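*Asks:* Got a structure for you, written out below as C-alpha cells; questions coming shortly.
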Amino acid sequence: MNTKHFFAIAASISLALLLIYLNKPSDLLLSIILLAIATISCSIYFLCDDYLRGIYSKKIRESALVDSLFQFLHYRSKGNTYQRSLSYIIESSTVTEVKTGFESVKRQIRLGRSLGEALGDLFKLHSVNSNFDFSQDNVLHNSLRKFLSLYSKARDRGSSIALDSLQRNSTINMFLSTLLPSFLLFIFVGTSVISPSQTGLLFISLMILIVVPSIYALSSTLFSRRLIVETT
Amino acid sequence: MLKQLKLFNLRMKFGKKDSFSDAEISSLAVNLLANYRKGNSALKSLEISSGGDLKYKRIAILAKRYLLSNAEGLEKSPFTETNLNILLKIIHIGIITGTDISKNLEDFAEWMDAKMEKENKIRSKVNGMQILSLVGIVFFFPLFSGITASIVRSSLTGISAGTIVNGLRLIGMGYIVIATLITNSLLKPARTIVSLLRDSLPMALFGCILQTVAYTFSSYAI
C-alpha cells in the first residue's frame, strides 16, 4: 500500500461522510450502503492503479532487456569477448532486475553453461517471447539480430495502433468525464421539478461522485494499458 | 580550492533539481561528436562542447569529476537522466579502452533523434487528449452545472431550491477534483501522489472558480 492508496481511502471516506451529511434524515441502512459503495469505488481505483503499475514496470524491464541486447551486439561487433561485453552492459544498465539477470548469465557461463541457454532462461524469467536457436554461437548471434529487428518492428506497429486508437479513446473519455455527469445533472433537474425532495440529490451525488468516476477510472485504465503495452 | 569554490557556486546556482531534457542531451552529443572528430580527446571535447552556457558547463564539470573518479557502475553518477548516463558511459569506455568512439557517438545522436521524434509524436497526441478531457471537466461541466442551477432556481421556490443548489455546488466541486486527479494519475502510473497533486490541483482550482462564477450568474439569471 502506497501514498496513492492512502489518499484514495481518505478521499472515499470523506466522500461518504459528505454524502451522509447531505442525507440528513438519519437512515442507518442508507449510510452503510453509501460507505460500502465508497469502499468498492476505492477498491476499483486500487486495482486499476496496481494493475497499471505492474504492466508499466514489466514493460520497463522488457525494454531495458532489449536495449541491453542491442548494446551486447554492438560490443560483440567491436571484437570484445562475451564476458567483457556482458560486463559493459551490466555496468550501463540502470534497471536492477536486468542487471541482476545479466550477472546471473555471466555466472552461468563461467560455470560452463552456453550463452544461448543462459539467455533463454533470462528471457523466460522476464516472459519475453523469443525463438532463439541456442545450438551454436554464430547462429545465436544471427537469431539475436533477427529477434531485435522483429521486436523493433512490432513496437513500431504497436505504437501506430495506439496512435489510431487515441482518437476513439479521447471521445469516450470526453463522454464519460463531461457529458455523462452533465446529463445526469439535467436528469436530476427533471426529477426534482416533478417531486422536489432531497433523495434525488443523494442519488445524483452517489452517481456523480462515486459511480461515474469508477467507470471513468476503469476506461482510463484500459486505455493506458494499451498505450503502455504498445508504445513503451 | 578556487576550483572547488567555483563548483560549489555552480551547484548553489542550479541546485540539485536541475534537469536536462532529451533535446539538450542530443545537442550536447552532436557538439561532442563535432569536437571529437576535430582530433580532441573525449574529455577535452566535453569541455569545449559545454561552451559558455552554464548549464552545459555544469554537465561538463560533474561528468569530468565522475569520469576521473574511477567510479564503478552508474550508482555514483551525479545525473539522474538515463540517456546522459549512457553518453557518459560511451566516453568512459572510450577513455578506458582507448578506442575511437566517434561511431558510438554518432549512433547515440541518431538514436536520440529517432527516439525524440517518436516520443514527441505520441506525447503530443496523448497530451492533446488529456487537455481535451481536462477542458471538458473544468470548463464544460461547470457550464452545464451552472445552467442546471439556474433551471433549478427558476423552477423551484423556497428552501428546497437553495438546499439543492448548494448541494449541486458541493457535488460539482468534488467531481472536478476527483476527475482531474483520475485524468492525471492513470496516464502516468510511475508518478507519486505529490507530483500528481501538483499537476492536477491548479486545473481543479480553476474549474472550481469557474463553477462558482457560473453559480453566481445563475442566481442573477432568474
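*Asks:* Tell me, what ³J(HN,Hα) does each residue in segment B:189-206 have, in order and in whole Hz, if you take phi through Karplus 6.51 cos²θ - 1.76 cosθ + 1.60 with θ = phi - 60° and put x for Gly and Pro?
*Replies:* With coefficients 6.51, -1.76 and 1.60, one gets x, 7, 8, 8, 5, 5, 5, 5, 5, 4, 6, 8, 5, x, 5, 5, 4, 4 Hz.
*Asks:* Can you pull the mean other chain C-beta count within 10 Å for peptide B:187-196?
*Replies:* Other-chain Cβ atoms within 10 Å of each residue's Cβ, averaged: 5.
*Asks:* Once the piece of chain linking A:Ile40 and A:Ser104 is laid out straight, how much longer is it, given 0.36 nm per residue of separation minus the C-alpha distance between them?
*Replies:* Working it through step by step, the gained length comes to 18.8 nm.
*Asks:* Also: Please list 3J(HN,Hα) in residue order for segment A:82-91, calculated via the Karplus relation 6.51 cos²θ - 1.76 cosθ + 1.60 where θ = phi - 60°; whole Hz, with x for glycine and proline.
*Replies:* So the Karplus estimates, Gly and Pro as x, are 4, 4, 5, 4, 5, 4, 4, 6, 5, 5 Hz.
*Asks:* Under a point spin-label approximation (7 Å from Cα along Cα-to-Cβ), what is the A:Ser14-B:Leu143 distance to one decimal in nm?
*Replies:* In this crude spin-label approximation the distance works out to 2.9 nm.
*Asks:* Can I ask one more? Taking the mean number of other Cβ atoms within 10 Å as a proxy for protection, how do you rank B:199-207, B:120-128, A:177-185 from highest to lowest?
*Replies:* Highest mean packing first, the order is A:177-185, B:199-207, B:120-128.
*Asks:* Further question on the same structure: Taking the Cβ of B:Gly146 as the center, what net charge do the other residues with Cβ under 12 Å away carry, scoring Lys and Arg +1 and Asp and Glu -1?
*Replies:* For residues surrounding B:Gly146, the net value is +2.
*Asks:* Arranged from highest to lowest average of other beta-carbon atoms within 10 Å per residue, in what order do the peptides B:172-179, A:116-123, A:216-223 appear?
*Replies:* The most tightly packed comes first, giving B:172-179, A:216-223, A:116-123.
*Asks:* Using a ≥ b ≥ c from the Cα gyration tensor of segment A:155-232 (square roots of the eigenvalues), is it rounded, prolate or oblate, where a/c under 1.5 gives rounded and otherwise the larger of a/b and b/c decides, a/b for prolate?
*Replies:* The shape class here is prolate.
*Asks:* For labels at B:Thr216 and B:Asn40 in the simple 7 Å Cα→Cβ model, what's the distance in nm?
*Replies:* 5.9
*Asks:* Quote the relative contact order of segment B:126-220 in percent (integer), defining contacts as alpha-carbon pairs under 8 Å separated by 6+ residues.
*Replies:* 48
*Asks:* Right, here's the next one. If you add up the charges near B:Asn120, with Lys and Arg at +1 and Asp and Glu at -1, over every other residue whose beta carbon is less than 13 angstrom from its beta carbon, what do you get?
*Replies:* +1
*Asks:* Modelling each spin label as a point 7 Å along the Cα-to-Cβ direction, I'd like the B:Thr97/B:Ser27 distance in nm, to one decimal.
*Replies:* Label-label distance for B:Thr97 and B:Ser27, simple model: 3.1 nm.
*Asks:* I would also like to ask the following. Using a ≥ b ≥ c from the Cα gyration tensor of segment B:126-220 (square roots of the eigenvalues), is it rounded, prolate or oblate, where a/c under 1.5 gives rounded and otherwise the larger of a/b and b/c decides, a/b for prolate?
*Replies:* prolate
*Asks:* Please average, across the residues of A:178-187, the number of beta carbons from any other chain that are within 10 Å of each residue's own beta carbon, and give a whole number.
*Replies:* Average neighbour count from other chains, rounded to a whole number: 6.
*Asks:* Could you line up B:Ile193, B:Ile61, B:Ile25 from fewest to most neighbouring Cβ atoms inside 10 Å?
*Replies:* B:Ile193, B:Ile61, B:Ile25
Read-outs: derived from the displayed coordinates by stated rules, not from any lab. All values derive from a computational prediction rather than experimental measurement. Note that each Cβ is placed from the backbone with ideal geometry, even for glycine, and that neighbours are counted across all protein chains shown.
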